[in-house]
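One structure, as C-alpha cells, below. Some questions next.
The values are calculated or read from the model by the stated rules, or taken from the named source; none is laboratory data. Note that the coordinates shown come from a computational prediction; the quantities given were computed from them, not determined experimentally. Because the Cβ atoms are built from the backbone with ideal geometry, glycine has one as well, and the counts that use them run over all protein chains shown. The area values use the complete protein model at the heavy-atom level, side chains included, leaving out ligands, DNA and RNA. Shrake-Rupley method; radii C 1.70, N 1.55, O 1.52, S 1.80 Å.
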Amino acid sequence: MKKILGAAFAALLLSSNLFAYNPPAGGQNVLRLTEPQLLTGAHSAAGGGLFGVTPASIVNNPALTAWEQRITLDVAGTLFINSNTDEPYGGHSLGEGFQGALLIPSRWCVSTLLFQGVWTQAFDMPIGDSLNFTGGLSKDITDQVSVGMNANFGLLYGDWVDSDWTANLAFGAYYNHGDLAFMQNVRFGVAMSNIGKVYAKSGKTLGIKTAKNYRDYIDSNSKENFESDDSTPWPGICTIRTGVAATMLRTDIMDLGVSLDLSYPFFQDFVADVGLQLQFWDSIKVYSSWEFDAQEFANDSKNLMPSVGVSFKFIFNSAQGSYLSNKGWDQSDMTVSGAWKQMYKNVNAVSAGAVLNLGLADTKAPEITMWGDQ
C-alpha cells in the first residue's frame with residue numbers, strides 16, 4: 001500500500017511539473033472574493049484566529065461547519081474598483097461579486113449550499129466572469145474532530161474569454177487540541193481542494209507571467225504588437241492547505257487570536273496567509289490578514305498590503321405569533337460586516353455582508369439524573 005501511495009504522489013508531482021505555472025492573478029482565490037470574512041479571514045483552514053465560521057467557510061475547509069447548530073443564511077457582495085484602464089483589451093473600472101448561502105444542520109450532518117458570482121475583467125486581476133455553486137457536507141466525529149467534503153460546479157464566460165466549466169471535489173479535516181502552553185483553543189485544519197477539472201486557459205485571460213512580460217514589453221514597444229499565450233489552468237489542481245490557529249489573549253473585555261495557513265497550489269506555488277483577530281464584548285470583531293503568494297510576488301503581481309475588516313453582532317427578539325416565533329426562533333442573532341482589501345496595485349475590493357443565525361445555540365450540557373438522586 002505504501003508503494004502504491006508513493007507512486008501516486010510521485011506521478012502527481014511529475015505531472016504538475018509538465019505544465020508551466022501561469023494562472024491569472026486572483027485565480028487561486030476566485031471563491032474567496034465575495035464575502036468580508038473570506039477577504040480578511042486569512043483563508044484559514046482552522047477557522048481563524050478566534051474560531052468563527054460562516055457557510056462560505058467551506059471553501060477554506062469543508063469540515064469547519066460541523067458544529068453549527070442553527071439554520072444560517074448568508075448574503076454578501078463585493079465591489080472591485082480598477083484604477084488601471086490602460087490595458088491590452090480595454091479596461092473596466094468596476095467589477096462585482098456576490099454570494100448567497102444556506103446552512104442546514106441535522107442529526108446526521110451539516111449541509112451547506114453556496115452560490116457565488118464574480119464579474120471582473122481588470123488587467124491586474126483578469127479572472128473573467130464566473131458563476132460557481134458549491135455544496136458541502138460536514139460531520140463531527142468526536143468532540144474535537146470533524147471531517148467534510150465539497151462538490152463544486154462552475155461556469156466561466158465573458159466578452160473576451162472562451163466559455164469553460166469546472167467540476168471538482170474538496171475534502172477536509174479539523175482538530176481542536178484545546179489549550180497548549182500559553183495558547184488557548186489551539187486548532188488545526190487541513191484540506192485538499194480542486195480535485196477534478198478546473199478552469200482551463202481561456203481567451204485573453206493573461207497569466208501572471210504573461211502580464212509581467214506585457215508590462216516589460218510596453219516599456220519600449222507598442223502594446224498592439226504584443227503576442228503571448230493564454231494562462232494555464234486555475235485554480236491549482238489538488239491544492240493542499242494546512243492551517244493552525246489559537247487564542248493568544250483572553251480578558252473580560254477583549255480576546256486576541258492569530259492564525260497561520262500554508263498552501264501549495266498544484267505543487268508549483270507556495271502561499272502563506274497570516275491572520276489577526278480582535279473581539280470586544282463578544283459583539284464587535286476587528287480582523288486583518290496578510291497573504292504572500294510566492295509566484296505572484298516573483299512576477300510583480302501581488303500586493304502586500306494587509307486587509308482590514310470589522311463586524312458587529314446583535315441579538316433580536318421575534319414578536320409572539322410571528323413566523324420566526326412559530327418556528328421556535330424567538331431569539332436570533334445577526335452579524336453585519338464590512339472589509340477592504342487591496343487585491344493588486346490597481347484593484348481594490350470593498351465588501352459587505354450579513355449572516356443570520358436563526359434561534360439560539362445550545363451551549364448548556366444536558367443534566368443527567370440518577371435514580372438514587374430522585
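Rounded, prolate or oblate: which fits segment 104-208 when a ≥ b ≥ c are the square roots of the eigenvalues of the alpha-carbon gyration tensor, with rounded for a/c under 1.5 and prolate only if a/b beats b/c?
Here segment 104-208 falls in the prolate category.
Taking the Cα-to-Cβ direction at E96 and at L180 and moving 7 Å from each Cα, how far apart do the two end points lie in nm?
Taking the simple label geometry, E96 and L180 are separated by 4.4 nm.
Could you work out how far apart the two model spin labels at D143 and I81 are, taking each label as a point 7 Å from the Cα in the direction of the beta carbon, and quote it in nm?
About 4.9 nm, to one decimal.
Among K197/K302; K139/K341; K197/K285; K313/K345; K139/K345, which pairs are too far apart, with a Cα-Cα distance over 30 Å?
K139/K341; K197/K285; K313/K345; K139/K345
Now for a different question. For segment 130-186, what is the accessible area per residue in Å², given a 1.4 Å probe and the full set of protein chains?
So segment 130-186 comes to 52 Å² accessible per residue, rounded to a whole number.
For V308 and A272 in one chain, what is 0.36 nm times their gap in residues minus the Cα-Cα distance, to one decimal in nm?
Length gained, V308 through A272: 11.2 nm.
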